[in-house]
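Working notes, beginning with the structure itself.
The values are calculated or read from the model by the stated rules, or taken from the named source; none is laboratory data. Note that this is a predicted model, so its numbers are computed, not measured. Note that we place each Cβ from the backbone using ideal geometry, even for glycine, and neighbour counts take in every protein chain shown. All accessible areas refer to the heavy atoms of the entire protein, side chains included, with ligands and DNA or RNA removed. Shrake-Rupley method; radii C 1.70, N 1.55, O 1.52, S 1.80 Å.
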Amino acid sequence: MTILELKNHQVWRDLTEILENLDANILVQEHLEKSDYKVCGYWDEQDKYYETITLPRTLKTELVSSSIGVTHTERFLQLKFSLIGDSADATQAPNHHIQKIGELVLIYDENLEFVDENWFLYVDSPILEIS
């Protein structure tokens, strides 16, 4: 039996180097801008369909996790972001608070070409414009 110890493996140093040199905020902002801050064809957890959900332009994002995946034929980078909105966007009221309105997972191939996205949105949030 072959014993492989991953604790000090080069893959961890490589991953750390990649993540230190990658500006995930630029990637997520570019993605949001390309989509015009809209999520089209969204199904929620209760299988309710939404034609279009518009996110606030003042949306903040926070990288919460990153991982590298490897299959027999592919390698990919997965970045998970919290989506944070300001209730003043919805109410225009002076009293507002920051709230998490969902999560976005972006997947890129080994050349940092966009592959896929996965959204989890809190559709009951008044910050989201649903149509």
Give me the pairs, please: first residue somewhere in the stretch 112-131 and farther than 13 Å from residue 55 by Cα and hydroxyl-bearing (Ser, Thr, Tyr), second residue anywhere and in a loop (DSSP other than H, G, I, E, B) and open to solvent by 70 Å² or more (accessible area, probe 1.4 Å), beta-carbon distance under 9 Å, and either six or more positions apart or on two chains.
none
Of the residues in the stretch 1-53, how many are farther than 20 Å from residue 65 by Cβ, touching a residue at least 40 places away in the same chain (Cβ under 8 Å) and touching a Phe, Trp or Tyr at 6+ places or on another chain (Cβ under 6 Å)?
4
Within the stretch 22-38, does at least one residue satisfy the condition of being surrounded by fewer than 10 Cβ atoms within 10 Å (Cβ to Cβ), farther than 19 Å from residue 116 by Cα and either at pLDDT 95 or above or among the charged types (D, E, K, R) (or both)?
no
